[in-house]
Structure formats: structure tokens, C-alpha cells
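Novice: Below is the structure I would like to discuss, written out as C-alpha cells.
The values are calculated or read from the model by the stated rules, or taken from the named source; none is laboratory data. Note that the coordinates shown come from a computational prediction; the quantities given were computed from them, not determined experimentally. Note that we place each Cβ from the backbone using ideal geometry, even for glycine, and neighbour counts take in every protein chain shown. Heads up: the accessible areas ignore ligands, DNA and RNA and are worked out on the full protein's heavy atoms, side chains in. Shrake-Rupley method; radii C 1.70, N 1.55, O 1.52, S 1.80 Å.
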Amino acid sequence: MGKNVVEKIDDQVEIKTLLMSVSDKSGLESFIPGLVELNPEILILSTGGTYGKIKEILGDKADTCLKQVSDYTGQPETQGGLVKTLDFKIYLGLLTETYNDAHQEDLKRTAARAIDMVVVNLYPFSETIARQGVSLEDARGNIDIGGPTMIRASAKNFIRVASVVDPSTYPLILEKLKANNGSLSFEDRFGLAQKAFEHTAVYDKTIAGYLAEKSINDVKSCYKSGE
């Protein structure tokens with residue numbers, strides 16, 4: 001199968017649909033109302049504790065602009081919440097290209113939406129392994145899967161999608177959106193993609209380094225045999 005080659009993109013992309021799942025919820029109290037003020041018709045897709053935090057921040061406004069990912073995809077979360085965002089409709093929305101007719105037909109066929117911004121930061125793996133007496137199983141449970149996947153998909157598609165991984169950038173993003181009628185430029189999206197891939201690279205390197213220090217006996221000591 002040949003590679004898809006993109007030749008036409010938009011410089012400015014309006015943020016109409018946003019996907020948010022954050023471990024670090026700092027800055028949301030001003031970022032979320034700012035987004036809704038700029039575009040009252042924005043749709044925010046979210047999960048778990050992030051959904052609850054946004055609903056608390058927005059109050060009655062949440063009824064019109066906030067939706068659970070599971071309600072959007074039609075797929076309930078697995079027991080324990082391990083699988084929430086790994087869904088075809090989500091990744092079609094993240095990877096779709098504006099000027100790709102086949103992609104646009106896929107959106108119509110699946111009743112999916114193009115997702116214009118992803119706001120994600122990851123399970124606190126480095127903080128977990130820094131705790132005294134943490135077990136390998138505790139560390140394993142804090143290896144994020146959905147988060148890096150969303151970040152990588154959105155950052156890869158910087159031609160259309162903004163990938164936001166750092167809460168400290170929220171004020172600047174709001175400034176740029178206000179200056180551009182609720183849109184982000186190609187330069188903005190590319191800059192965010194650079195930061196996003198750096199974020200996931202550091203995250204994966206931390207996990208790799210931690211596991212490299214463990215022997216198989218360290219691993220085995222955490223579990224009982226199922227045989």
C-alpha cells in the first residue's frame with residue numbers, strides 16, 4: 001500500500017472539537033472557560049476524573065458542550081477504566097485530513113467528528129517510581145497507554161490538529177486563539193507537535209530506564225504463579 005501524501009492544508013484551523021484527558025489538572029479553571037467563551041459551540045470530549053473536573057468548572061454550561069468519550073463512541077469503558085479512548089472514532093477524528101475525500105466520507109459513514117485539539121498529560125510514572133518502597137506492579141500500573149497514543153496521533157497530524165501537553169502553555173494558547181478568532185496557525189500546531197513528541201520521548205525513556213534496572217527476580221517477586 002502506498003503512502004498517503006498530503007499536498008494541501010489550512011494555515012488556520014478553528015478549534016471546534018477538543019479531546020481532553022489530563023493527570024495534571026492545574027490551569028483548567030481558567031483554560032476551560034476561556035475556550036468556551038471563545039467558541040460557545042465547542043464540543044469537549046473527556047473521560048473519568050477529567051470529565052468530572054470540567055463539569056464542575058462549567059456548571060450548567062457543561063450540558064451543551066461537554067460529552068463523555070464513551071457516550072460519543074458508543075463503547076462503555078472497560079472495568080477499571082483501562083480502555084477509554086482507544087476507539088476507531090477517536091483516531092479517525094485525530095488523523096483525518098481536511099482535503100482527503102476518503103477521510104471525509106469515513107467521518108460521515110461513522111458519524112465521527114474531526115478533532116481539532118488534544119489536551120493530554122500522562123499518568124505520573126516518574127512521580128510513582130520516586131516514592132519510597134514502590135513496587136514494580138505499582139509502576140507498571142502507571143504506564144499510560146491511551147495518553148501517549150492520543151498525543152502521538154494528534155502531533156503526527158499537526159497539519160490540522162493541535163497537541164497540547166503542558167498546562168503552562170494554556171494562557172499562551174488562549175491568547176493565540178483570541179488573536180485569531182478561535183483558530184491556531186500552522187506554525188502554532190507545528191510548535192506544539194515538537195513539544196508533544198519530546199514529552200512522549202522523555203516519558204518512554206523514563207519507563208525504559210526503570211525497567212532496565214530490574215532483574216527478572218525483581219519482577220517475579222511481585223506476582224503469584226497462576227499455574
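Novice: Can you name the residue in the range 74-98 that is over 16 Å from the mean Cα position of the chain (by Cα) and of a type in the set (Ser, Thr, Tyr) and is also modelled with the highest pLDDT among such residues?
Specialist: Taking the candidates together, the pick is 98.
Novice: Something else now. If we keep just the residues of the range 109-129 that are without any contact (Cβ under 8 Å) to a residue 40 or more places away in the chain and over 26 Å from residue 35 (Cα atoms), which is surrounded by the fewest Cβ atoms within 10 Å (Cβ to Cβ)?
Specialist: The extreme case among them is 109.
Novice: Condition first: within 15 Å of residue 20 (Cα to Cα) and open to solvent by 50 Å² or more (accessible area, probe 1.4 Å). Can you find one or more residues in the range 130-141 that meet it?
Specialist: no
Novice: Could you tell me whether the range 27-47 includes any residue that is at positive phi and either free of Cβ contacts under 8 Å to residues at least 40 places away in the same chain or aromatic (Phe, Trp, Tyr) (or both)? Full working, then the answer.
Specialist: Initial filter on the range 27-47 (at positive phi): 27.
Then drop every residue that is not either free of Cβ contacts under 8 Å to residues at least 40 places away in the same chain or aromatic (Phe, Trp, Tyr) (or both), which leaves none.
There is no residue in the range 27-47 that is at positive phi and either free of Cβ contacts under 8 Å to residues at least 40 places away in the same chain or aromatic (Phe, Trp, Tyr) (or both).
Novice: I would also like to ask the following. Step by step: first the residues of the range 9-34, then only those that are assigned to a loop (DSSP other than H, G, I, E, B) and under 22 Å from residue 182 (Cβ atoms), then the one that is most open to solvent (accessible area, probe 1.4 Å). Which residue is that?
Specialist: Residue satisfying both the conditions and the ranking: 16.
Novice: Would the range 93-101 turn up any residue that is of a type in the set (S, T, N, Q), surrounded by fewer than 21 Cβ atoms within 10 Å (Cβ to Cβ), free of Cβ contacts under 8 Å to residues at least 12 places away in the same chain and farther than 15 Å from residue 21 by Cβ? Walk me through how you get there before you give the answer.
Specialist: The initial filter retains those residues of the range 93-101 that are of a type in the set (S, T, N, Q), namely 96, 98, 100.
Filter again for surrounded by fewer than 21 Cβ atoms within 10 Å (Cβ to Cβ), leaving 96, 98, 100.
This time we only want the ones that are free of Cβ contacts under 8 Å to residues at least 12 places away in the same chain, so: none.
Within the range 93-101 (the criterion being of a type in the set (S, T, N, Q), surrounded by fewer than 21 Cβ atoms within 10 Å (Cβ to Cβ), free of Cβ contacts under 8 Å to residues at least 12 places away in the same chain and farther than 15 Å from residue 21 by Cβ), the answer is no, since none of the residues qualifies.
Novice: Any residue at all in the range 42-61 that is open to solvent by 10 Å² or more (accessible area, probe 1.4 Å), of a type in the set (Lys, Arg) and modelled with pLDDT under 95? Working first, answer last.
Specialist: Step one: of the range 42-61, the residues open to solvent by 10 Å² or more (accessible area, probe 1.4 Å) are 43, 48-49, 51-53, 55-61.
Now drop any that are not of a type in the set (Lys, Arg), which leaves 53, 55, 61.
After this cut, where a residue has to be modelled with pLDDT under 95 as well, the list is 61.
There is at least one residue in the range 42-61 that is open to solvent by 10 Å² or more (accessible area, probe 1.4 Å), of a type in the set (Lys, Arg) and modelled with pLDDT under 95.
Novice: Pick out the one residue from 128, 200 that is touching a Pro at 6+ places or on another chain (Cβ under 6 Å) and either of a type outside the set (Gly, Ala, Ser) or under 25 Å from residue 49 (Cβ atoms) (or both).
Specialist: 200 is the lone residue from the list that is touching a Pro at 6+ places or on another chain (Cβ under 6 Å) and either of a type outside the set (Gly, Ala, Ser) or under 25 Å from residue 49 (Cβ atoms) (or both).
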